[in-house]
1. Could you tell me which numbered condition Ser516 fails, if it satisfies all but one of (1) in a loop (DSSP other than H, G, I, E, B); (2) in contact with a Phe, Trp or Tyr (Cβ under 9 Å, 6 or more places away or on another chain)?
2. Test Ser372 against the stated conditions and say whether it is among the small types (Gly, Ala, Ser) and surrounded by 17 or more Cβ atoms within 10 Å (Cβ to Cβ).
3. Can you tell me how many residues within the range 396-419 are assigned to a strand (DSSP E or B) and open to solvent by 20 Å² or more (accessible area, probe 1.4 Å)?
4. Out of Ala178, Ala248, Ala230, report the one residue that is under 30 Å from Thr478 (Cα atoms), out of contact with any Pro (no Cβ under 9 Å at 6 or more places or on another chain), open to solvent by less than 10 Å² (accessible area, probe 1.4 Å) and touching a residue at least 12 places away in the same chain (Cβ under 8 Å).
5. Please verify whether Val340 is among the hydrophobic types (A, V, I, L, M, F, W, C), in contact (Cβ under 8 Å) with a residue 60 or more places away in the chain and surrounded by 24 or more Cβ atoms within 10 Å (Cβ to Cβ), treating the condition exactly as stated.
6. For the range 626-668, which residues satisfy the criterion of being without any contact (Cβ under 8 Å) to a residue 60 or more places away in the chain, open to solvent by less than 30 Å² (accessible area, probe 1.4 Å) and either among the acidic types (Asp, Glu) or farther than 25 Å from Gly582 by Cα (or both)?
7. Take the conditions in a loop (DSSP other than H, G, I, E, B) and modelled with pLDDT under 60 and apply them to Gln56. Does it pass?
8. Look through the range 345-359, keep the residues that are of a type in the set (A, V, I, L, M, F, W, C) and under 16 Å from Tyr373 (Cα atoms), and return whichever of them is nearest to the chain's Cα centre (by Cα).
Amino acid sequence: MIEDDRPYTTAPRPRLKRLRFIAILLAVLLLGLVSFVFGIFIAVASDLPSLTRFSQLKDAKSSVLLDDLGRPLGVVSQQNRVIVTPSQIPQIVKEAVVSIEDRRFQTSNGVDVRGIGRAFFQDVLHQGSVQGASTIEQQFIKNALQAQSHRTIFEKLREVALAYQLSHKWSKEKILTAYLNTIYFGNGAYGIESAAQTYFGHDVNHLDCGMPSHQLCVAQLQPWESALLAGIIASPGRFDPVSHPLIAKTRRNLVLREMLQQGYLTERVYRQSVAQALPAPRDIRIPREQTVEGVDVGYFTSWVQQQVIERYGAPRAFDGGMRITTTLDLDLQRAAEQAVATYLAYPGGPTASLVAIENSTGEVRAMVGGRSYARSPFNLAINGQRQPGSAFKAFDLAAALQDGVSPYSVWTSKRKVFVVPSPRGPERFVVRNDENAYSGSNTLTGATAFSDNSIYAEVGLKVGTRRIARLAHRMGITTPLSTNPAMTIGGLTVGVTPLDMAHAYETIARNGRRVSGTLAAELWPVAIQEVDAGPHLLPDGDHRDVNRVTTKPVLPPSVAETETAMLEGVVQYGTGKAAAIGQFAAGKTGTTENYGDAWFVGWDSKYTVAVWVGYPNGLVPMTNDFNGGPVLGGTFPALIWHDFITSAASVDKLRAERAAEKGAAGKGSPAGSTSGTEVAPLPSSGGEAAEGTSPSGRGKGSAPSQHGGGKSPTPAPRAGSEESGSSQGSAAPVAPEATHQAPAPAPKAAPSPPPEPAPAPTGGVAPSG
């Protein structure tokens with residue numbers, strides 16, 4: 001008998017037990033998950049009838065807009081919704097929407113598993129809600145439940161379950177029709193027929209559509225028109241053909257390409273469609289806002305309305321009964337309109353845009369977007385991208401000071417030729433001053449006061465155009481900025497808007513910190529102070545949203561202080577003297593080549609204000625519109641700025657006095673309170689300015705004007721002045737500026753004593769604005 005000497009071993013039973021336990025645990029968890037999901041699917045079945053009610057026209061309470069003192073501005077308005085049936089919507093419209101919104105709509109069960117996985121991954125990666133649903137069922141349910149953002153994982157699972165059930169309870173035709181009847185298409189159009197009426201109802205090819213005894217507008221839509229509307233759905237603000245026609249056309253052509261690839265269009269129809277123009281802005285029927293107390297609030301309220309819709313969703317914005325307290329001040333809005341009308345009331349002449357922002361809060365207090373919103377709803381304040389001229393030099397100056405360039409550094413002032421690299425090889429960049437008037441040499445401070453193109457082009461190229469562009473964006477400019485040499489003196493490929501210019505200059509006024517708020521859109525200034533949802537809940541689960549001021553450091557405080565002192569010289573003795581108010585004020589003029597655009601952007605101790613003057617429909621030289629001479633930044637823009645600032649100071653002073661009287665009597669609220677404040681009537685522009693303001697504290701007055709707040713005497717017509725020099729060898733339009741005079745006195749915040757004074761300019765040219 002042979003014995004095995006190997007030790008006796010047993011099977012690894014503990015390991016088997018662990019594996020068995022894990023298997024059982026996983027089975028239980030899987031069963032629990034299935035039960036949980038099944039429970040959700042059963043629980044949401046009760047929501048299906050409410051979706052039917054949502055897809056039909058229903059009574060709702062409109063959301064209202066208020067000014068910063070609680071006075072009504074209007075409602076969040078929409079075009080009258082027209083509910084259409086499946087048979088009334090052409091097949092080409094349905095195909096356009098499906099092709100771009102949910103190409104697997106006809107075969108899916110209402111849930112895009114890949115889309116959910118992708119969204120879940122992005123949410124985890126960014127630790128927040130980044131991507132949303134992609135099926136039409138899920139989008140419809142999100143709108144029906146008025147869920148916009150900050151949704152929990154359980155709410156998202158509920159939406160998925162409801163979408164699945166919806167796809168099994170309703171036909172695809174019914175789902176798509178309900179979706180098209182309730183989706184928002186921008187510019188107040190809610191539903192596909194309202195959108196067709198808004199964008200095409202005034203077109204010559206669709207006259208009288210939607211009227212009694214006529215076809216619905218949606219029934220007449222062509223493929224390219226259907227594609228435009230389908231493209232708007234994803235982002236009504238971004239793809240708005242009124243505000244962003246180039247982006248809207250690109251989006252429309254993308255939809256047409258998708259329709260071609262998915263077999264909805266032939267090659268011939270596709271080519272015909274992409275060649276079609278967008279509807280003209282004059283043919284787009286936008287809801288016209290009513291004036292309030294004789295003030296044209298339409299430009300501001302349409303801007304705010306879009307922000308409300310994007311933040312809270314169209315259903316809640318239109319039908320949620322919210323009370324939205326905005327930042328607009330009706331009295332300051334009236335002051336802005338009066339200041340513009342004083343100088344530019346004659347028909348057929350140039351018009352103006354004005355944006356006023358409170359320095360301490362970043363809140364927009366007044367907005368003039370054109371001559372009349374009822375006649376032209378295109379908002380020049382936020383969409384009018386115009387050449388800034390020498391007003392752009394504030395960004396050159398900020399970059400130069402940050403780079404260590406001294407305000408007392410001396411530069412030559414003469415015709416200059418710079419050889420700059422380009423993709424096609426070296427190019428010549430020629431810079432001259434207006435009427436070839438040069439000072440020979442001047443300090444950077446003097447060049448700023450009298451807007452010397454020759455010096456600023458050299459400074460800008462020394463600092464670097466890319467650096468200037470990056471800094472301008474950080475300060476508040478949102479439009480794309482070219483980096484060609486001409487940008488140093490304001491020659492940009494794409495222009496800037498008055499809203500951006502006011503916001504960016506406010507960064508200097510706030511000691512180098514860009515100001516915004518928690519309820520502001522992107523990096524824009526603040527337009528909404530508070531949103532009260534009443535008995536309903538907002539997406540974050542609360543009943544109220546209150547804006548909180550946010551700031552971000554952009555410039556070192558020492559740089560902002562030095563630049564402020566230098567730009568104060570522009571108003572005291574430079575090209576912007578017409579804006580002087582007898583107390584602290586700083587700013588910069590700007591005039592473009594051929595006098596097509598004129599600017600003054602500046603600030604006092606409380607407000608930063610940007611004023612643009614020009615013709616809204618294109619570049620029209622204003623060569624004899626100011627007392628027979630050209631319109632420069634130091635003429636109409638500076639005068640309008642002056643009148644608005646002095647009127648605003650009068651309003652603030654009167655409010656402070658009334659609040660003080662109430663406080664002394666023990667009946668009122670302290671100065672600056674907006675609760676129960678008696679609204680002061682607007683004084684005339686010649687009233688005395690207020691005393692003792694600080695940059696913060698709403699309702700407090702500004703420091704007094706030494707000349708009483710009336711209009712400055714009209715300056716003499718230009719005699720060899722600012723801002724019409726030219727440059728050559730540049731791909732972008734050049735916006736040259738001023739001539740020059742004796743060197744400026746040293747800025748108050750400068751770090752070192754000035755050098756010997758520079759010689760006076762040759763040619764005897766006097767500065768002008």
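The values are calculated or read from the model by the stated rules, or taken from the named source; none is laboratory data. Just so we're clear, the structure is a prediction, and the values are computed from it rather than from any experiment. Glycine also receives a Cβ, built like all others from the backbone with ideal geometry; neighbour counts cover every protein chain displayed. We work out accessible area using only protein heavy atoms, side chains counted, and drop any ligands, DNA or RNA first. Shrake-Rupley method; radii C 1.70, N 1.55, O 1.52, S 1.80 Å.
1. Evaluating Ser516 over (1) in a loop (DSSP other than H, G, I, E, B); (2) in contact with a Phe, Trp or Tyr (Cβ under 9 Å, 6 or more places away or on another chain) leaves (1) as the failure.
2. Numbers: among the small types (Gly, Ala, Ser): yes; surrounded by 17 or more Cβ atoms within 10 Å (Cβ to Cβ): no.
Answer is no for this residue.
3. Taking the range 396-419 as the starting set, the residues that turn out to be assigned to a strand (DSSP E or B) are 410-413, 416-419.
Applying the additional criterion that residues be open to solvent by 20 Å² or more (accessible area, probe 1.4 Å) yields 410-412, 417-419.
The qualifying residues number 6.
4. Details: Ala178 fails: under 30 Å from Thr478 (Cα atoms); Ala248 fails: out of contact with any Pro (no Cβ under 9 Å at 6 or more places or on another chain).
The unique qualifying residue is Ala230.
5. It is false that Val340 is among the hydrophobic types (A, V, I, L, M, F, W, C), in contact (Cβ under 8 Å) with a residue 60 or more places away in the chain and surrounded by 24 or more Cβ atoms within 10 Å (Cβ to Cβ).
6. Residues satisfying the conditions are Asp652, Ala659.
7. Values: in a loop (DSSP other than H, G, I, E, B): yes; modelled with pLDDT under 60: yes.
Answer is yes for this residue.
8. So in the range 345-359, the residues of a type in the set (A, V, I, L, M, F, W, C) come out as 345, 352, 354-357.
Subset that is under 16 Å from Tyr373 (Cα atoms): 345, 352, 354-355.
Values: Ala345: 27, Ala352: 18, Leu354: 14, Val355: 12 Å.
If we take residues in the range 345-359 being of a type in the set (A, V, I, L, M, F, W, C) and under 16 Å from Tyr373 (Cα atoms), then Val355 is nearest to the chain's Cα centre (by Cα).
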